[in-house]
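One structure is given below, encoded as structure tokens.
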Amino acid sequence: MRIPAISLVSGVLASLLFAGTAGAAPFAQAFAGKDPTKSNPIYDSGRFRIKSCDEQPTQPDDLDAARVDLEFLLDCLNTGWGDHLTEANFSFSRPKLVTTTRTDLQTGCGKYPKTAQAVYCPNNQRITFRLDRDILSKQTELLLFATIAHEYGHHVQQLTGIMTSYLNRKYRNKAAELDATRRMELQAECFGGAFIGSVWMSLGRHKRDLNYMIKVAIGNATHGKHANIAYWIRRGFAADSPDACNTFTAPASKVA
């Protein structure tokens, strides 16, 4: 889940998983007792083959253009991740995308949180993206791409069994659950950073766009510190690969 902070710092990168429920059956046999969060073929899947993505022309406060841009970005994410996951022997399905200017709607995992920019629901594999005034005023920045790439990272977690393991696990205390939530969210940041890094040269953007996107990241107890959000985005970006994104075996200092 992406929680907007544009009204405060002109951007949004912080996120919180919009937890629903997900069945473990499709992955029980595949992982044969292994923990899919720590030991997963996605961590050995190599670099993305996709090297090109088309952001659509847009300007501030253009709702229709933002919707078109998100649809094109989703197509690119489907192509890149679809090929990547299929080659890693995962079953692939495309997530649904709903754009809205409202918050009074159901997502499939409950009512849309009023503070969220976008949410992913594993129950219906749907991304719901709120196009409010704040993000529309900055839509020429990298924020639309960064946000949908992050939510798509949650979809990848769903398809690879990582989210199922996270949602179905019994945690010994609140601290352990918060630690796992931060690892989930920071991994989605890394997955998003890795995808953007792979297609970066085709975007025609300057490195300052990436730096701005990272600068406005908001950290807290459930999202991780700003420094760690930046660390995982840059780690994924530099690798062009989800191989760099195993947050579940990272030291506690990198997911605090």
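Please state which one of SER198, SER202, SER253 is farther than 30 Å from SER91 by Cα, part of a helix (DSSP H, G or I) and of a type in the set (Ser, Thr, Tyr). Before the answer, list the steps.
Values: SER198 fails: farther than 30 Å from SER91 by Cα; SER202 fails: farther than 30 Å from SER91 by Cα.
Going through SER198, SER202, SER253 in turn, the sole match is SER253.
Being in a helix (DSSP H, G or I) and of a type in the set (S, T, N, Q) is the filter here; which residues of the stretch 170-189 pass it? So that I can check it myself, show each step before the final result.
Filtering the stretch 170-189 for residues in a helix (DSSP H, G or I) gives 174-189.
THR181, GLN187 - these are the residues of the stretch 170-189 that are in a helix (DSSP H, G or I) and of a type in the set (S, T, N, Q).
Condition test on PHE48, is it in contact with a helix residue (DSSP H, G or I) (Cβ under 6 Å, 6 or more places away or on another chain), part of a loop (DSSP other than H, G, I, E, B) and at pLDDT 95 or above?
Numbers: in contact with a helix residue (DSSP H, G or I) (Cβ under 6 Å, 6 or more places away or on another chain): yes; part of a loop (DSSP other than H, G, I, E, B): yes; at pLDDT 95 or above: yes.
The answer is yes for PHE48.
Testing PHE90 on (1) closer than 21 Å to ILE218 by Cβ; (2) surrounded by 18 or more Cβ atoms within 10 Å (Cβ to Cβ), one condition comes back false. Which one is that?
With respect to (1) closer than 21 Å to ILE218 by Cβ; (2) surrounded by 18 or more Cβ atoms within 10 Å (Cβ to Cβ), PHE90 is out only on (1).
Given the condition part of a helix (DSSP H, G or I) and over 26 Å from ASN211 (Cα atoms), answer yes or no: does some residue in the stretch 93-104 qualify?
no
Conditions tested, residue by residue: (1) on the phi < 0 side of the Ramachandran plot; (2) without any contact (Cβ under 8 Å) to a residue 12 or more places away in the chain; (3) β-branched (Val, Ile, Thr).
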site: THR100; (1), (2), (3): yes, no, yes
site: ASP104; (1), (2), (3): yes, yes, no
site: TYR112; (1), (2), (3): yes, no, no
site: GLN117; (1), (2), (3): yes, no, no
site: ASP132; (1), (2), (3): yes, no, no
site: LEU136; (1), (2), (3): yes, no, no
site: LEU144; (1), (2), (3): yes, no, no
site: MET163; (1), (2), (3): yes, no, no
site: THR181; (1), (2), (3): yes, no, yes
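Among the candidates LEU167, LEU136, which residue alone is in a helix (DSSP H, G or I) and over 26 Å from ASP64 (Cβ atoms)?
Details: LEU136 fails: over 26 Å from ASP64 (Cβ atoms).
From the options LEU167, LEU136, the qualifying one is LEU167.
Please determine whether any residue of the stretch 241-253 is within 23 Å of GLU141 (Cβ to Cβ) and out of contact with any Leu (no Cβ under 7 Å at 6 or more places or on another chain).
Of the residues in the stretch 241-253, the ones within 23 Å of GLU141 (Cβ to Cβ) are none.
No, because not a single residue in the stretch 241-253 is within 23 Å of GLU141 (Cβ to Cβ) and out of contact with any Leu (no Cβ under 7 Å at 6 or more places or on another chain).
On the basis of being of a type in the set (Ser, Thr, Tyr) and touching a Lys or Arg at 6+ places or on another chain (Cβ under 8 Å), does THR100 make the cut? Break it down into steps so the answer makes sense when it comes.
Working: of a type in the set (Ser, Thr, Tyr): yes; touching a Lys or Arg at 6+ places or on another chain (Cβ under 8 Å): yes.
So THR100 passes the test.
Only one of (1) surrounded by fewer than 19 Cβ atoms within 10 Å (Cβ to Cβ); (2) over 22 Å from THR181 (Cβ atoms); (3) at pLDDT 95 or above fails for SER241. Which number is that?
Exception for SER241: condition (1).
Report yes if some residue within the stretch 223-232 is surrounded by fewer than 22 Cβ atoms within 10 Å (Cβ to Cβ) and assigned to a loop (DSSP other than H, G, I, E, B); otherwise report no.
Looking for residues that are surrounded by fewer than 22 Cβ atoms within 10 Å (Cβ to Cβ) and assigned to a loop (DSSP other than H, G, I, E, B), one finds at least one in the stretch 223-232, hence yes.
Out of LEU13, LEU77, which single residue is modelled with pLDDT of 65 or more, of a type in the set (A, V, I, L, M, F, W, C) and within 16 Å of GLU151 (Cα to Cα)? Full working, then the answer.
On the way: LEU13 fails: modelled with pLDDT of 65 or more.
When all the criteria are applied, what remains is LEU77.
Residues are listed down the side, and each one gets a yes or a no for (1) buried (at least 19 other Cβ atoms within 10 Å of the Cβ); (2) among the aliphatic types (A, V, I, L, M); (3) within 15 Å of the chain's Cα centre (by Cα):
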residue: CYS121; (1), (2), (3): yes, no, yes
residue: GLN125; (1), (2), (3): no, no, yes
residue: GLU141; (1), (2), (3): yes, no, no
residue: HIS154; (1), (2), (3): yes, no, yes
residue: GLU185; (1), (2), (3): yes, no, yes
residue: ALA194; (1), (2), (3): yes, yes, yes
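The values are calculated or read from the model by the stated rules, or taken from the named source; none is laboratory data. Just so it is clear, the structure is predicted and the values come from calculations on it, not from any experiment. No Cβ is skipped: glycine too gets one built from the backbone with ideal geometry, and neighbour counts run over all protein chains shown.
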